[in-house]
Structure formats: C-alpha cells, structure tokens
Protein chains: 2
Amino acid sequence: MHHGGDLTDAMIRFGGTKADWLDVSTGINPHPYPFASTFSPSAWCDLPGKAALEKLLAAARTAYKCPANLQMLAAPGTQILISQLPYLLPEGPVAICGPTYTSHGEAFVRAGRAIEEVTSPYALPDRAKIAVIVNPNNPDGRLVDVQSLLSIAQTLRERGGILVLDEAFADVAPGASVLPHLSADNVVVLRSFGKFFGLAGLRLGFMAASAELVPRMATRLDSWAVSGPALELGTAALADLDWQVAMQRQLADEITDLTLCLGNNGLTVFGGTPLYALAAHPNAVALHEALARQKIWTRVFDYAPTWIRIGLPGSSSALQRLAETLAKISPEIHSQ
Amino acid sequence: MHHGGDLTDAMIRFGGTKADWLDVSTGINPHPYPFASTFSPSAWCDLPGKAALEKLLAAARTAYKCPANLQMLAAPGTQILISQLPYLLPEGPVAICGPTYTSHGEAFVRAGRAIEEVTSPYALPDRAKIAVIVNPNNPDGRLVDVQSLLSIAQTLRERGGILVLDEAFADVAPGASVLPHLSADNVVVLRSFGKFFGLAGLRLGFMAASAELVPRMATRLDSWAVSGPALELGTAALADLDWQVAMQRQLADEITDLTLCLGNNGLTVFGGTPLYALAAHPNAVALHEALARQKIWTRVFDYAPTWIRIGLPGSSSALQRLAETLAKISPEIHSQ
C-alpha cells in the first residue's frame, strides 16, 4: 500500500521536522470540526455503549439521507470496511472502475477474488457480479450521475450482483450521493467521516447496506469497534448541518484559489474535488521531488506518471508558500 | 453476545440515569490513566502515522516484555483480534479452556470451526490443534503457571498446533504473563490496554505472535487501524512504568477491601483478579436483580447460576454504598 498523509517517509528521505513541512498529500480537510471541547470522561473510560452508538447512527442516517430500507453501521474508519467487504460479497467476477483508490482492488485480491479494472462505469462487463465505483473518484474526481448509478445497480441486481459505491468524498459534492435515491438493496455505500470533517485520526466511517449484509459486517467487527471519543464527536459533527453547509462553501472557495494558483504556475488542473486538485505535468515525479526538497509533500501515482495531486493548503500563507515554491523550482523542473 | 459494562439495558429495565448507577459489571480499572492532558491537534486531524505506531509498539514491547522472536501488532481493542483470529489459524479442532470469556468460542463458531470446551488446561484433548486459554481467566481468575503454559505450547508445537493466550487481565497479576519467557513462536498472546489502564473507550489492544501470523492480521485490519489519540495516550501510559507499579499495589489493596466487604455481607469470594471478585450465592440472579433495583449493576452468568462477578467500586464511598445495599437487601434475597 502506498498512501498519502504520512510524513514519516518524507522526513526520512528529505529531512526536516513535521513543523517544517506543508503536507498537501491527502484529501483531508485542513479545517477540522472543532474538537477542543472536552469529552465526557466516560467517552475515554467506559466501554462504548449501545445507546451512544444508536445516537451516532441516527445522526449519520440524517446527515447522509440514508433511506429506511438500508441499515447503517459504524466502523473505526472505512479502510477496515474495504478490507473486510470482499469476504462478505457473493462469488463472481469483480469489476473496479479505475484508476482509483487502490485499496479496493488490493482487498479483493487478498481475498482470492478475480478483479478486472474497467475504465468506464458505463461499460461494465456483462459477467461482472460485483462493481466497485468510487464516486466522486479519487484521484481524478470523476462523477457518475445518480441516474446512471441507479441503472448500474438495477443491471447488477438482475444477475444477483452488488454495486459497491465508495462515497468517501461525497460530502464535498452535494448532490453526488446516491444514498437519498436508493430503493434497491443490492448497493453498499461507504462514507468516510474523517476526510470532510478533517478528523482522520479519530477513525470513523460508515457503511449503508442491506439488512442481510450489515449484521454480517457488524459481527466481523465485533463489539465496541468505534471508540468513545469517536461516538461523541461524530454524533455532534454529523448533527451540525450548519457547519457542514458553511464548510462546503468554504472548500469550494479554497479549491478555486488553489486551481488558479496552480494554473498560474504551469500546472494544469484537470480533475479533483473541493478537497484536492489533480494536475498534469510532463514530469510529475521530478516536480514532486523538487517540492519535497522544499518540504512540500504532494502525491504522485505509479500508474500515471504525469499526474500530481495537491490537497488544499489550508491557509492563504500556505497557499502563498506553495505558489512561491512552484515559481522558484520552475527552472529546475523545466531544464530536466 | 452478552457482556458487562453497558448500562443501556440496565436503565431500560430498572430506570434511572447514568449518574444514579454504580456500575461494577466490568473488570475495567475505575482509576484511569490520566487523559486530561491535551492531545496534539495532529492526533485528531492527521491519518495516524507510521512513526507514531512504531513508538507505540516499542512501548508495548517494553511494558509487556515481548521477546525479540515475536512480532507485535496494535488494534482498536482485542475484541476485533479475537473476531479475526479464527480465519488466520491452521485447520483442526479447537479446545477452549472454559468456562471463560465467551467471545473466543463465538468467533471460532462463526468461522465454521469445531470447538470443544475443556475444563482443565492440563488435560487438552490429543486431537486439539488449537488451544485457547484466558490467563488469568475471566471470570474465575484461574491462573495457569508459566511452566505449564510453555509445556502446553511445546505439546501443540509437536503437532503443528497453536496456543492462543488471552492475557487481558495479566497486567494486574505480575508474573502471570508468559510473554517474557517465550522462545516458541506457535503462541499468540493477546493483551488488552483498556482494562488495566481504565480506558476502555479508547479502543486499544495488542497481539504478539510469529512473523508469519502478525503481518497477515495486520493486512486484515489494514492501514490506520488505531486512532491518533490511542497512539499518543497508549504510548505515554505504556512507558509510565511507575504508574503501572503503583496501580498494581492500589488495585491489590482495593480488591482486599472488596473481598472483605462481600464476605461480611454473605457473599463468598472464590475467585477473580485484582479488578473483580467472583462470588458464590445460592441465588445469584435474584441478588443481581435486587442490586439492580438499587441501581447497582453486577454481572451474572447463564452457565453458572450461582456466580456473581463484582468489579472494584472505585472509591470508599462507592464501596460503602455496596455494603449498605447488600445489608439492606439481604432479607429480601434470603426469603426467596
């Protein structure tokens, strides 16, 4: 696995302390939901209780507009749901709409499943029993419209298949989520809490799926999967719809500024979401390393050597540092 | 599953708010490791990093005296390790030394494995490929000495078998842990962080096992399984050996007081650990319910109708409340 968001390797290769670095290697909101408010001591000391879990799930159902025919489950992050899901889904070929977040394919391969990467969600192979679509997609932000998703789900349903929809970045693309429109129960929807709420360290994620699938996943995670602090903070944040709407607007503003900044410095943005921009550069890896030597950590992709993903810097001074650094290293990159 | 430590059901059946209740239904230390110190913002906001995880594991190796030939892994609580372990162990019959914590048996049955409950760890069936021993045992506190454990591990090793040792309560029984003495690698040792450190809501647990098994479990849990706050607080607590030694003494004192209190009120303590007492009573369920009507929540066991488990009350006033309540309800129970 090869993810953004961990400066450990960056500091080993390029030096510096955490304070020296500007980390734009993830799609995590740099403006976290306020967490300074003290937790109740019982959040830390007691086993997480059923009543607190029910409250969290109720807040999640409302925030995500989950239909009544689907059950909802909470987990310590969606990563473990991605990892466990292949063991619970029906046999048969798996089609993954790529290129996308690599953990989906890796999890199916680990579980001994045959996977096929397809480039268009509109042309799934007839034999596919399971289709995986990340929507909006990571890293390119590709959006599949809700009607098409419902139609793909229907096609799969006719052959006893399942659509897995990873909506990790749907919070920042209002209207993108299929959840409010679902009546079928052959769809599994994953929602990430940490990205939009800027609390990736808290470990919280959700799965909405059928009454058949959710209890089986719950059994695999077993009791007390979600921590007490995650129950408390998650419930408060998901219920705070005002914060969510204001943050959506703020992130949309900030991605505009980032896109302009990158364009003015020779980087063409061609995709992304309000949490990250995906840009093209003839030598993205050299650019990534030149930025790293200036202690700015970005994300590049083995499978696409001209792509570089840059998350929101989080402040105007950080954006300015990025702009000045790009201007400074430009001769170095172009002479290569 | 049917565990202690959740007042949700108690309040539905017997009323009251959380503040009304004295919860002695668990074996969780009522004196938590200090957690009021503020965490670094990155513990909440960033994806948990590799460097922080390495620090936690180093602290755990030292605190638990883990030998160099075993690898160590951190998880969001041992419950998920118990749940996943059956999928990773070799085929063959499973012997569980019971009666004990029921999640072990339930997890093997869910994974389609044949289990046999044996009453003595010294008489494991010859055909057993996997043996599960909780040491000290929950709820009776039964201790198997280290030499016997090493000998059981050797016997299993000769037939390609594995010994699973759940040391969830070993922190309060210094000398009980097999970890410092292990040279074989066919032993899986589970360690719970939340019980002894009184931080069950944090969700943190460990597995020490072979270099073959640990990476396979790590893959199943996938990246970022442990939260940022758990990494920070866990590292600090495990490194604080002075707190651990002082707490062991304090808990030994408190269990003495609890044992005397119960004995003076008609309850014979015949087992337990410094975190809980196991007592016998001719009608333990009636006693449990009479205490519940007075908002004291204890733990009883389907399989042993004369057993009642009572955790440390946590303060002299709480102990006094327990004593007075037992004296008050005594006529009610004995007239039944």
Subset of the range B:69-85, residues part of a loop (DSSP other than H, G, I, E, B) and either more than 14 Å from chain A (Cβ to nearest Cβ) or surrounded by fewer than 23 Cβ atoms within 10 Å (Cβ to Cβ) (or both), comes to B:69, B:70
Scanning the range A:262-285 residue by residue, those more than 21 Å from residue A:30 (Cβ to Cβ) and surrounded by 19 or more Cβ atoms within 10 Å (Cβ to Cβ) turn out to be A:281, A:284
Per the filter on the range A:173-188, residues of a type outside the set (S, T, N, Q), within 20 Å of residue A:82 (Cα to Cα) and surrounded by fewer than 23 Cβ atoms within 10 Å (Cβ to Cβ) are A:179, A:185
Inside the range B:42-68, the number of residues satisfying the requirement of being more than 8 Å from every other protein chain (Cβ to nearest Cβ), assigned to a loop (DSSP other than H, G, I, E, B) and touching a Ser or Thr at 6+ places or on another chain (Cβ under 9 Å) is 2
Scanning the range A:291-323 residue by residue, those within 23 Å of residue A:31 (Cα to Cα) and open to solvent by 50 Å² or more (accessible area, probe 1.4 Å) turn out to be A:315, A:316, A:317, A:320, A:321
Based on this model, can you work out whether residue A:36 counts as hydrophobic (A, V, I, L, M, F, W, C), outside any strand (DSSP E or B) and loosely packed, with under 14 Cβ neighbours inside 10 Å?
yes
When the range B:145-160 is checked residue by residue, the ones that are open to solvent by 50 Å² or more (accessible area, probe 1.4 Å) and of a type outside the set (Ser, Thr, Tyr) are B:145, B:147, B:154, B:157, B:158, B:159
Could you say whether any residue in the range A:130-144 is more than 25 Å from residue A:299 (Cα to Cα) and open to solvent by 10 Å² or more (accessible area, probe 1.4 Å)? no
Scanning the range B:191-205 residue by residue, the ones that are crowded, with 24+ Cβ neighbours inside 10 Å and either of a type in the set (Asp, Glu) or in contact with a Ser or Thr (Cβ under 9 Å, 6 or more places away or on another chain) (or both) total 10
Exactly one of B:107, B:111 is touching a Pro at 6+ places or on another chain (Cβ under 6 Å) and within 29 Å of residue B:312 (Cα to Cα), and that one is B:107
Just one listed residue, out of A:77, A:175, A:112, is within 30 Å of residue B:44 (Cβ to Cβ) and without any contact (Cβ under 8 Å) to a residue 40 or more places away in the chain, and it is A:175
Scanning the range A:86-97 residue by residue, the ones that are touching an Asp or Glu at 6+ places or on another chain (Cβ under 8 Å) and surrounded by fewer than 19 Cβ atoms within 10 Å (Cβ to Cβ) total 1
Over the range B:100-129, the set of residues of a type in the set (D, E, K, R), away from chain A (no Cβ under 14 Å) and open to solvent by 60 Å² or more (accessible area, probe 1.4 Å) is B:116, B:117, B:126, B:127
Reported set for the range B:1-12 where residues are more than 7 Å from chain A (Cβ to nearest Cβ) and free of Cβ contacts under 8 Å to residues at least 12 places away in the same chain is B:9, B:11, B:12
Filter result for residue B:26 (crowded, with 21+ Cβ neighbours inside 10 Å, under 28 Å from residue B:108 (Cα atoms) and among the hydroxyl-bearing types (Ser, Thr, Tyr)) | yes
Exception for residue B:234 within (1) under 22 Å from residue A:5 (Cα atoms); (2) surrounded by 20 or more Cβ atoms within 10 Å (Cβ to Cβ); (3) more than 20 Å from the chain's Cα centre (by Cα) falls at (3)
Residue hits (the range A:144-184; among the β-branched types (Val, Ile, Thr), out of contact with any Lys or Arg (no Cβ under 9 Å at 6 or more places or on another chain) and not in a loop (DSSP other than H, G, I, E, B)) are A:146, A:152, A:155, A:164
In this structure, is residue B:213 more than 11 Å from the chain's Cα centre (by Cα) and crowded, with 24+ Cβ neighbours inside 10 Å? no
Residue pairs qualifying under the 9 Å Cβ cut-off, at least six apart or on distinct chains, with the first in the range B:292-305 being within 12 Å of residue B:278 (Cα to Cα) and the second being of a type in the set (Ser, Thr, Tyr), are B:298/B:25; B:299/B:25; B:299/B:26; B:299/B:276
Per the filter on the range B:161-172, residues open to solvent by less than 20 Å² (accessible area, probe 1.4 Å) and within 21 Å of the chain's Cα centre (by Cα) are B:163, B:164, B:165, B:166, B:167, B:168, B:169, B:170, B:171, B:172
Within the range A:212-246, the count of residues that are more than 14 Å from chain B (Cβ to nearest Cβ), in contact with an Asp or Glu (Cβ under 9 Å, 6 or more places away or on another chain) and not in a loop (DSSP other than H, G, I, E, B) comes to 2
Cβ pairs under 6 Å, 6+ apart or interchain, first in the range A:186-200 and away from chain B (no Cβ under 14 Å), second assigned to a loop (DSSP other than H, G, I, E, B), ordered by first then second residue, are A:189/A:167; A:191/A:167
- [ ] Kindly indicate whether residue A:55 is more than 30 Å from residue A:299 (Cα to Cα) and touching a Pro at 6+ places or on another chain (Cβ under 6 Å).
- [x] no
Within the range A:13-41, of all residues that are aliphatic (A, V, I, L, M) and within 23 Å of residue A:79 (Cβ to Cβ), the one nearest to the other protein chains (Cβ to nearest Cβ) is A:28
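The values are calculated or read from the model by the stated rules, or taken from the named source; none is laboratory data. Just so you know, these numbers come straight off a predicted model, no measurement behind them. Counting neighbours? That spans all protein chains shown, and the Cβs are built from the backbone with ideal geometry, glycine included. Ligands, DNA and RNA are stripped out before the accessible areas are found, and what is left, the full protein with its side chains, is counted by its heavy atoms. Shrake-Rupley method; radii C 1.70, N 1.55, O 1.52, S 1.80 Å.
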